[in-house]
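Enquirer: Attaching a single structure in structure tokens format; questions to follow.
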Amino acid sequence: MSDLKKEVKKYYGGIASKVKQESESSCGCSSASCCSSGNSEIYDLEYLVELPKEAINVSLGCANPLVFGELKPGETVLDLGSGGGIDVLIASKYVGSTGKVYGLDMTDEMLSLANANKQKMGVENVEFLRGYIEEIPLAKDEIDVILSNCVINLCEDKEKALSEAYRVLKPGGRLAIADIVILKDIPEKIRKDAQMWVGCIAGALPIEEYKNTLLKVGFKDIEINPINIYTKDTIEGILKNKNLQEVYSKLDIEMVDSAFAGALVKGIK
């Protein structure tokens, strides 16, 4: 396992453990989201109805991929990097009892939390799988829709991950993910400084490079639409949530202002 994978597993495993402890000892009302100051910025309340608070509190996304996933009853859905299960549990309501939603995650703590949330919600059309998005443990042409939320950018081999997504989709299947993209050229050192401290923007690609990777693995009808722009105020809020206010003054904040964004990424097999 690469050093990056170890760091990602450690970080997200720690978040899952913290949310579980908070839910056992208190109301668990704090948001663990690293890419926004609260889930209300990502999900309209209609999406969160009936969800366990532990699923909501461990949401680590950058946008809501379900707004354009257009899920239909009876479809089979896969969420890559499913975390505490928020997008899986929301999707389960749309595909209904005749559909199926898989959540794939590599972190044991997140899988444990996700399965606990599944039990609390009482859904039967959901299954959480342990594994890596570069090696999806499902058969070819099995999935109607692939979701993901702020996960592909953290993957070292994005081409491999997206190639695997293409493999498991049925012909005509839909990629409907949210991810971080780079909007403007910034010096490499400043970009790395920002990624080091903000974390959730690490590994982001420029839009054109992202599109070319999707084309290379076979996707067509590709759309990449930035919707949540990380202004300097947004970045300051993220650092404040991480108790890293002193870092704000060290970053060249004008240079990274509006350089990154949460985007909705679409493609068809």
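The values are calculated or read from the model by the stated rules, or taken from the named source; none is laboratory data. Predicted model only: the values in this text are computed from it and were never measured. Note that we place each Cβ from the backbone using ideal geometry, even for glycine, and neighbour counts take in every protein chain shown.
Enquirer: Before we move on, is Ala194 within 18 Å of Pro206 (Cβ to Cβ), in contact (Cβ under 8 Å) with a residue 40 or more places away in the chain, touching a helix residue (DSSP H, G or I) at 6+ places or on another chain (Cβ under 6 Å) and among the aliphatic types (A, V, I, L, M)?
Expert: Answer is yes for this residue.
Enquirer: Is it the case that the stretch 75-92 has a residue that's without any contact (Cβ under 8 Å) to a residue 60 or more places away in the chain and surrounded by fewer than 19 Cβ atoms within 10 Å (Cβ to Cβ)?
Expert: Looking through the stretch 75-92, none of the residues is without any contact (Cβ under 8 Å) to a residue 60 or more places away in the chain and surrounded by fewer than 19 Cβ atoms within 10 Å (Cβ to Cβ).
Enquirer: Restricting to the stretch 157-183, name every residue that is of a type outside the set (A, V, I, L, M), part of a strand (DSSP E or B) and buried (at least 21 other Cβ atoms within 10 Å of the Cβ).
Expert: Gly173, Arg174, Asp179 - these are the residues of the stretch 157-183 that are of a type outside the set (A, V, I, L, M), part of a strand (DSSP E or B) and buried (at least 21 other Cβ atoms within 10 Å of the Cβ).
Enquirer: Out of the residues in the stretch 93-114 meeting the condition of being closer than 17 Å to Val151 by Cα and among the aliphatic types (A, V, I, L, M), tell me which one is surrounded by the fewest Cβ atoms within 10 Å (Cβ to Cβ).
Expert: Filtering first and then ranking leaves Met106.
Enquirer: Is the stretch 115-128 home to any residue that is surrounded by fewer than 24 Cβ atoms within 10 Å (Cβ to Cβ), modelled with pLDDT of 95 or more and within 16 Å of the chain's Cα centre (by Cα)?
Expert: Yes; the residues of the stretch 115-128 include at least one that is surrounded by fewer than 24 Cβ atoms within 10 Å (Cβ to Cβ), modelled with pLDDT of 95 or more and within 16 Å of the chain's Cα centre (by Cα).
Enquirer: Looking only at the stretch 226-269, how many residues end up being touching a Lys or Arg at 6+ places or on another chain (Cβ under 8 Å), more than 14 Å from Ala194 (Cβ to Cβ) and not aliphatic (A, V, I, L, M)?
Expert: Within the stretch 226-269, residues that are touching a Lys or Arg at 6+ places or on another chain (Cβ under 8 Å), more than 14 Å from Ala194 (Cβ to Cβ) and not aliphatic (A, V, I, L, M) number 3.
Enquirer: Can you tell which of Ile190, Ile235 is modelled with pLDDT under 95, of a type in the set (Val, Ile, Thr), more than 21 Å from Asp157 (Cα to Cα) and surrounded by fewer than 19 Cβ atoms within 10 Å (Cβ to Cβ)?
Expert: Exactly one of Ile190, Ile235 is modelled with pLDDT under 95, of a type in the set (Val, Ile, Thr), more than 21 Å from Asp157 (Cα to Cα) and surrounded by fewer than 19 Cβ atoms within 10 Å (Cβ to Cβ), namely Ile190.
Enquirer: Identify, from the list Leu205, Leu154, the residue that is at pLDDT 90 or above and within 30 Å of Glu254 (Cα to Cα).
Expert: Numbers: Leu154 fails: at pLDDT 90 or above.
Only one candidate passes the filter, namely Leu205.
Enquirer: For the structure I just gave you, tell me whether Gly262 is touching a Pro at 6+ places or on another chain (Cβ under 9 Å), surrounded by 15 or more Cβ atoms within 10 Å (Cβ to Cβ), not β-branched (Val, Ile, Thr) and not in a loop (DSSP other than H, G, I, E, B).
Expert: yes
Enquirer: Please work out which residue is nearest to Arg167 (Cα to Cα), limiting yourself to the stretch 86-139 and to residues that are of a type in the set (Gly, Ala, Ser) and touching a Phe, Trp or Tyr at 6+ places or on another chain (Cβ under 7 Å).
Expert: Filtering first and then ranking leaves Gly103.
Enquirer: What are the pairs, 6+ residues apart or on separate chains, where a residue within the stretch 145-171 that is in contact (Cβ under 8 Å) with a residue 40 or more places away in the chain has its Cβ under 7 Å from a residue that is in a helix (DSSP H, G or I) and hydroxyl-bearing (Ser, Thr, Tyr)?
Expert: Partner pairs satisfying both residue conditions: Lys158/Thr213; Glu159/Thr213; Leu162/Thr213.
Enquirer: Moving on. Counting only residues that are part of a helix (DSSP H, G or I), of a type in the set (Ser, Thr, Tyr) and either touching a Phe, Trp or Tyr at 6+ places or on another chain (Cβ under 6 Å) or more than 15 Å from Leu264 (Cα to Cα) (or both), how many does the stretch 197-247 have?
Expert: Summing the residues that are part of a helix (DSSP H, G or I), of a type in the set (Ser, Thr, Tyr) and either touching a Phe, Trp or Tyr at 6+ places or on another chain (Cβ under 6 Å) or more than 15 Å from Leu264 (Cα to Cα) (or both) in the stretch 197-247 gives 2.
Enquirer: Continuing with the same structure: In this structure, is Gly85 in contact with a Ser or Thr (Cβ under 7 Å, 6 or more places away or on another chain) and at pLDDT below 95?
Expert: On the way: in contact with a Ser or Thr (Cβ under 7 Å, 6 or more places away or on another chain): no; at pLDDT below 95: yes.
When the stated conditions are applied, Gly85 does not pass them.
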